[in-house]
Amino acid sequence: MLMRIGGEEAESGSGAWLDVVNPATGEVLDRVPAGDRGDVGRAYAAAGAASGGWAAKGPRERGKILFHGAEAIRAEHRDLARTLTREQGKPLREAVDEVRGCANVLEFFASISGCLSGDFIRLGPAGDGIVVREPVGVCGAIIPWNMPVILMGWKAGPALLAGNTLVLKPSSTTPLTTLSIAGILERAGLPPGVLNIVTGTGESAGQAIVAHPGIGKVSFTGNTATGIAVRKAAAPLMKEVTLELGGSDPMIVWKDADLGLAVDGAIRGRFYNAGQVCNAVKRVYVHEEIAARFQEMLLDRVRSLKVGDGLDPSVEMGPLQNRAQLERVEGQVDRLRDRGEGRVLAGGGRLRDPGHARGFFYTPTLVSDPAPDAGILQEEVFGPVLPVMAVPDLDTAIAEANRSRYGLGASVWTRDLGVARAVFERSAAGVVWVNRHLTSPPELPFGGVKESGLGRENGVQAISQWTRAKSLFLGW
Ligand code: NDP
């Protein structure tokens, strides 16, 4: 597939290409241009040319176009979901969820188009003040490979509604569905140049977006180390950045929890998308009175999860998205075993059957009572590995849950409102769930504290991240 610049398909000036590989089979699916600095420059020029006309449309006009775009995505969701499964690996039903989720996000932002307001402030006899929110102009968005479609919606929805134009770089390993959606949005009425997709690696196209002096803001999702590099590169240009980075979300299961619900929550929370979700359940702290029963129920479920090619409708978990990720997760579990840091109760290795030998499959893995300083508790494990720890009381559970460099989400599973409230108030996290995990509706702001990032996506609050306040003093 080709890039999309200024409403047209485009090759890279570099003349180079990148293969896109199906992670379930190891086969090359397609190829995309290896975009470089020159391509980012062309995309910037197209976004700049579209910027004035797009910003001049009223918010409701922009919202209407997003509504049409959402409808068009929904109409083509089956084909889009198949492409997503083939390039990303997730089971088809999760791909359908994600594509429809992107349409929902665009609709949410379209639905608040009548609410883009400023402030009027009475300043006394000398005058009054008016504060308006202006679009930044041309913005950049950089997206990873784990949830490429929903994250495109999280960035393009508020950025475009606010009146910005975008240069967006998908991950080089999952560019195809993003490119298809950009074409669909244009056919649904998005003017050429408002959304430009430059394919290519982070080292080339990604760094060029961050370094481009005309791109006023960058919203980045990915690894914490890359996020720090993005922030450093943006600093001398005074470029604003939103960073949605890693997570190591704790799940606290209290002694009065509905165990069936909590087990379902842990399975979905950890093994959805083969565990490759920033706000997945990455550590479970369970009250010692119910720990044995909870672990037994969990073990049954983990052992029975069907792993395979996501296009097979009976499959519950697909491969990891790329070989480097498979090796990273494998290394983390191997180190745990080598150092005697925890007991692997299920999984703990690649899927060995010959039918899956060329795909990047790792087995669903359950680890019991790892040492508090074990690598898998201190690092982000972006794969299907679930550590479970028994805790004696709520203070210990909350203290252990907060003992992380990350602070994205946290959940508590209980029927006791006092326990739920204590976890909500004392968690160092941007999002707290009660009797849920993972669900991130577009109505709620999403983002983290500590090394999980800067800024918030989603919610009406997201608009402030894509606009700048401008004040007017009216002297009477
Ligand atoms: P990266 O942070 O490297 O990649 C995310 C995006 O940033 C990709 O589009 C990538 O391009 C691009 N990128 C890479 N380097 C730069 C740079 N210097 N400047 C600008 N853009 C850049 O994540 P990985 O894909 O390598 O994943 C590694 C780890 O990151 C995972 O193991 C996981 O722990 C974490 N991760 C966390 C996510 C989250 O949502 N919290 C999402 C994805 C990963 P390209 O890949 O095309 O080269």
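The values are calculated or read from the model by the stated rules, or taken from the named source; none is laboratory data. Being a predicted model, the structure only gives us computed values, none of them experimental. Positions of Cβ are generated from backbone atoms using ideal geometry, with glycine treated the same way; all protein chains shown enter the neighbour counts.
Annotation: Gly89 fulfils all but one of (1) at pLDDT 95 or above; (2) in contact with a Pro (Cβ under 9 Å, 6 or more places away or on another chain); (3) at negative phi; the unmet one is (3). Restricted to segment 278-397, the set of strands (runs of 3 or more DSSP E) holding at least 2 residues that are away from the ligand (no atom under 16 Å from the Cβ) and over 15 Å from Met251 (Cβ atoms) comprises 343-346.
Output yes when any residue across segment 198-206 is more than 11 Å from the ligand (Cβ to nearest atom), in contact with a strand residue (DSSP E or B) (Cβ under 9 Å, 6 or more places away or on another chain) and more than 25 Å from Cys115 (Cα to Cα), and no when none is. Within segment 198-206 (the criterion being more than 11 Å from the ligand (Cβ to nearest atom), in contact with a strand residue (DSSP E or B) (Cβ under 9 Å, 6 or more places away or on another chain) and more than 25 Å from Cys115 (Cα to Cα)), the answer is no, since none of the residues qualifies.
Among the residues of this structure, Gly114 does not count as one that is over 19 Å from the mean Cα position of the chain (by Cα), closer than 30 Å to Gly475 by Cβ and not polar (S, T, N, Q). Selection within segment 207-227: residues that are buried (at least 23 other Cβ atoms within 10 Å of the Cβ) and under 13 Å from Arg42 (Cα atoms). The member of this set that is nearest to the ligand (Cβ to nearest atom) is Ile209.
From the list Ala262, Ala205, the one residue that fits, being closer than 21 Å to Ser171 by Cβ and assigned to a helix (DSSP H, G or I), is Ala205.
Within segment 167-190, the set of residues being aliphatic (A, V, I, L, M) and either over 23 Å from Ala34 (Cβ atoms) or within 15 Å of the ligand (Cβ to nearest atom) (or both) comprises Val167, Leu168, Leu176, Leu179, Ile184, Leu185, Ala188, Leu190.
Cβ separations smaller than 8 Å between residues 6+ apart or across chains give the following pairs from segment 151-166 residues that are farther than 19 Å from Cys115 by Cβ and away from the ligand (no atom under 14 Å from the Cβ) to residues that are among the charged types (D, E, K, R) and at pLDDT 95 or above: Leu166/Lys155.
Looking at segment 413-424, is at least one residue closer than 22 Å to Gln378 by Cβ, of a type outside the set (Asp, Glu) and within 16 Å of the ligand (Cβ to nearest atom)? Walk me through how you get there before you give the answer.
Within segment 413-424, the subset closer than 22 Å to Gln378 by Cβ is 423.
Then drop every residue that is not of a type outside the set (Asp, Glu), which leaves 423.
Applying the additional criterion that residues be within 16 Å of the ligand (Cβ to nearest atom) yields none.
For segment 413-424, residues closer than 22 Å to Gln378 by Cβ, of a type outside the set (Asp, Glu) and within 16 Å of the ligand (Cβ to nearest atom): absent.
As a summary of the residue check, Ala81 satisfies the conditions (1) of a type in the set (A, V, I, L, M); (2) under 30 Å from Lys306 (Cα atoms); (3) touching a helix residue (DSSP H, G or I) at 6+ places or on another chain (Cβ under 7 Å); (4) in contact (Cβ under 8 Å) with a residue 40 or more places away in the chain except for the one numbered (4).
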